[in-house]
Amino acid sequence: MSHPASQAMPILAVAATLGFKVTGRKARCFNGAAHQGGIDENPSLVFQTDVNRFKCYSCGAKGDAIDLVRGALGVSFPEAVQRLEGMAGRSPRFGPTTSAVAALAAPTSRPPTSCALDVYRRLHELSFRPTKDSPAGAYLMYRGIDPELAAQHHVAEVCAPSSVGEQLMREFGGPALQAAGLISQQNSYLFAGRQLLFFHFDGGRPRFVTARDITGQSSCKEMSLAGVRAPVPYLVEMLHTRPDRVLVCEGCIDTLSAVQLGYAAVGVAGVAGFRDDWFPMFRGIGQVTVLFDNDDAGRRQGAELRAKFRMQGIQADAKFPAHGKDINDLLLSLNPEIQHER
């Protein structure tokens, strides 16, 4: 028996909200990796409005509205159900209201406020440039990255993260830190114990920040802000120079690894972290190469993002390191003197 949420609204309305460009009852399939060339060139996805389902007559993907949300957004079954229920609102039989459509289309996190930007600016002031003799600098060298190059690309370090959190709390208060996404569900400073910071700069000021554990004691190596979306990719300034080619890498370490190897690169948190309003930033770039991890998830997500670029009329391909898991492994393989363990 299908879940009630799958019948909450017409599947064509779900498709429209998800951003599918529907002609009649057809659209390009979301499962680009299963199609030749990584994209459904001839729209093969058909919406079966009589049974509120879909089927791709090329790759075989099929299902109900829940499956469509899961496939298009890469979310779990419970999250897909939650989004559909939020979109359907209180009128499941008569289609979504305006507010209901907005509920599904809305991002799962909020953009940073002006108050949050002040917090990021202050956090940047309280940090310092990593050096070869500092803990974060030593970690970067361990990953094959020159600390000076990293510092030039908005990488910073703090000696006592918990003390920095306490100072931010004294200066700005809990609500401001909450707006900045720097407080956890337990109301503690989110980046406590994390000395390495990656600031997303744009327009000469920090707009977002992520942190990384360099001790190996945390199961979550790289941490993003809670409930706040990155307004720009990491190293977005690379796009402002309109290079002939730019790499889109998975995470900040891989992005810096690409820069260390001489490439223009920007960083995103996988295909799920790439926002649709970022596509215009890439117009005028000669070639976009998506370079995600060389594993099942990375290959799938890389193909999906490549397909999305192409659907926007932007020349793009997807590649993966021939050896190792990611481009950082490639960087390290070129310097055998570095003893590297994950």
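The values are calculated or read from the model by the stated rules, or taken from the named source; none is laboratory data. Model, not experiment: these values are computed from the prediction. Cβ atoms come from the backbone with ideal geometry, glycine included; neighbour counts cover every protein chain shown.
Side notes on the structure shown:
- The residue of segment 21-54 that is surrounded by the fewest Cβ atoms within 10 Å (Cβ to Cβ), among those that are within 23 Å of A272 (Cα to Cα) and basic (K, R), is K21.
- Pairs meeting the criteria (first residue in segment 170-198 and on the phi < 0 side of the Ramachandran plot, second residue among the acidic types (D, E) and part of a loop (DSSP other than H, G, I, E, B), beta carbons under 7 Å, at least 6 apart or on different chains) are R194/D213.
- Cβ separations smaller than 7 Å between residues 6+ apart or across chains give the following pairs from segment 27-42 residues that are over 20 Å from V14 (Cα atoms) to residues that are surrounded by fewer than 22 Cβ atoms within 10 Å (Cβ to Cβ) and among the polar types (S, T, N, Q): H35/S58.
- Failed criterion for E222 (all others in (1) under 21 Å from G204 (Cα atoms); (2) crowded, with 16+ Cβ neighbours inside 10 Å; (3) not polar (S, T, N, Q) hold): (1)
- When the test is whether a residue is at pLDDT below 75 and surrounded by fewer than 19 Cβ atoms within 10 Å (Cβ to Cβ), S99 passes it.
- Yes/no for Y139 being surrounded by 14 or more Cβ atoms within 10 Å (Cβ to Cβ), hydroxyl-bearing (S, T, Y), at pLDDT 85 or above and more than 30 Å from L330 (Cα to Cα): no
- Looking only at residues in segment 150-205 that are of a type in the set (V, I, T) and modelled with pLDDT of 95 or more, the one that is nearest to D133 (Cα to Cα) is V158.
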